[in-house]
Structure formats: C-alpha cells, structure tokens
Amino acid sequence: MPRLTIGDTLPNPEVETTCGKFMLHDFVGQDWVIIFSHPGDFTPVCTTELAKVAAYTERFEERGVKLLGLSCDDIQSHNNWIKDIESYSGGCKVKFPIIADPKGEIIKELNMVDPDEKDATGKQVPSRALHVVAGDKKIKLSILYPATIGRNVDEILRAVDALQKTVNHKVATPVNWKPGEPVVIHPSVSNNQAKEMFPQGYSTAELPSGNDYLRFTNI
C-alpha cells in the first residue's frame, strides 16, 4: 500500500460518486481539493463531521476549494445517509460528491486505511484521513485521525488559509496563526530582499542569540 505524504502525486483512479463517475485528476483540475475519508455511513462521528462540512461548503468555495468525501459504502447507502446528514445539519445541503468504495480499493490507493478498525465482515475500513491537493495534483497537507476522533473543520479551514498564503508569498505562519494576523518572513529571504518584497514593512523580534531570523509582517 502506498504511503502517500506531502509532496506526493495524487493517484488517478476512476471513482464512482454520488455525483457520477470521474477520474480523480479530472476532478481536481487546476483547483484546490480536500479529499476526506470517513469510516462508514450511518455512524455517529461521521454524521456530525459531514454535517459540519456541509455547513462550511460556501466558506471552502470562497477559497476556490472543492470537497470530495469517501467511504467504503455503496452509492445507495451514501444517498440514503445524506438525508440524515442534511437533517442533522439543520438543512445545509451536501453539495459535494462522496466516493463509493465497497471493495476497499480506493482507500488503499489513497493511504486511508485504518488498520485497527474493521466492519462486521472483517474488512478494513477507512481511517479519518484528509488530503489537501493543489492544481499540480500534489498533496500539500495531510491529516490523519483514528476512526474514534472527529476532526475540527475550523482547523481544516485555517490550514487551507495558511497553505494559500504561503504558496503566494515567501512567508510561513507562526503558531496558532489565524487569518489577519502577522506572518513570519521565510528565512531564505534576506533583509534587503524583505524590504523590497514587503514594502509595508516588518518587525524583528529581539532574541538572546542576536540573530534576526524571527521577522513578522502583515499581508
């Protein structure tokens, strides 16, 4: 089983979803995509997660991000479960496709298997995995939780904001960064370059080492 990680190219299998069949790379196109797996339909943690994702869909769309769910259940199961998700979400619609993977083949290609969780037949089920993929089809961020722990959708949104910020500028985001807060200038940027690249100015933290590597700016 491939061990996909940051920098790897997303596999390109054909997938069957609640919105039809397509190749993964065709779905990504030139956009940002979040592919996230859930251990099973009609399960409590997954229902709360997908309800929250449905409620946040417009926020992701505003950032040019498409969503793609996945589990090992079939299309009919997904469609029936969506009714529960939309009810629990307070009416927010599940507009994104959900991949059906009844044979468990796609989760292996995408490295989304939970080795400790199995269904009633003994088949391995997906972990609570998530890949953020950019238009170059490369994985830019990967988050992996066990099946028993629900994800924080606010953190996923924050991570997307940070990724898009750092892709477009020679900066990084410091601990607990939130949109609108200062970012740090990449160490590869000299002070002279920083003055040109960040005409709005920057501040440098005074440290015992005397090194001026911790530089903050607003973008």
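The values are calculated or read from the model by the stated rules, or taken from the named source; none is laboratory data. Given the structure is predicted, the values throughout are model-derived calculations rather than measurements. Here the Cβ positions follow ideal geometry from the backbone for every residue, glycine too, while neighbour counts run over all protein chains shown. Ligands, DNA and RNA are excluded from the accessible area calculation, which covers all protein heavy atoms including side chains. Shrake-Rupley method; radii C 1.70, N 1.55, O 1.52, S 1.80 Å.
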Exercise. About its Cα centre, how strong a charge dipole does the chain have in debye, to the nearest 20, once Lys and Arg get +1 and Asp and Glu get -1 at the Cβ?
Worked result: 440 debye
Exercise. By a straight-distance test (C-alpha under 12 Å), which aspartates and glutamates pair with LYS165 as possible cross-link partners, with residues fewer than eight away in the same chain excluded?
Worked result: GLU181
Problem set entry | Residues of type aspartates and glutamates that LYS21 reaches as a straight line, Cα spacing below 19 Å, ignoring anything fewer than 8 places off in the same chain | ASP31, ASP73, ASP74, ASP101, GLU105, GLU109
For this session: Positive end of the charge dipole of the stretch 17-127 (Lys, Arg +1 and Asp, Glu -1 on Cβ, about the Cα centre): tell me which of HIS25, LEU70, SER127 has its Cα farthest that way.
Result: HIS25
Problem set entry | Cα gyration tensor shape for the stretch 1-138, rounded if a/c is under 1.5, else prolate or oblate | oblate
Problem set entry | Full-stretch length increase - ASP74, THR148 - with 0.36 nm per residue and alpha-carbon distance subtracted | 24.5 nm
Exercise. What is the helix-to-structure angle for 44-55, meaning the angle in degrees between its Cα long axis and the longest Cα principal axis of the chain, kept from 0 to 90 and rounded to the nearest 10?
Worked result: 60 degrees
For this session: Over the chain, with every protein chain in place, what whole percent of the accessible area is carbon and sulfur at 1.4 Å, could you tell me?
Result: 50 percent
Exercise. To the nearest 10 degrees, how steep is helix 153-168 against the longest Cα principal axis of the chain, on a 0 to 90 scale?
Worked result: 50 degrees
For this session: Could you rank the peptides 44-53, 201-210, 25-34 by their average count of other C-beta atoms within 10 Å per residue, with the highest value first?
Result: 44-53, 25-34, 201-210
Exercise. With the other protein chains left in place, how much accessible area per residue, in square angstrom, belongs to the chain at a 1.4 angstrom probe?
Worked result: 52 Å²
Problem set entry | Cross-link table LYS108/LYS140; LYS66/LYS178; LYS52/LYS170, entries beyond 30 Å C-alpha to C-alpha | LYS52/LYS170
For this session: Compute the separation of the alpha-carbon centres of the stretch 1-53 and the stretch 75-89 and state it in Å as a whole number.
Result: 17 Å
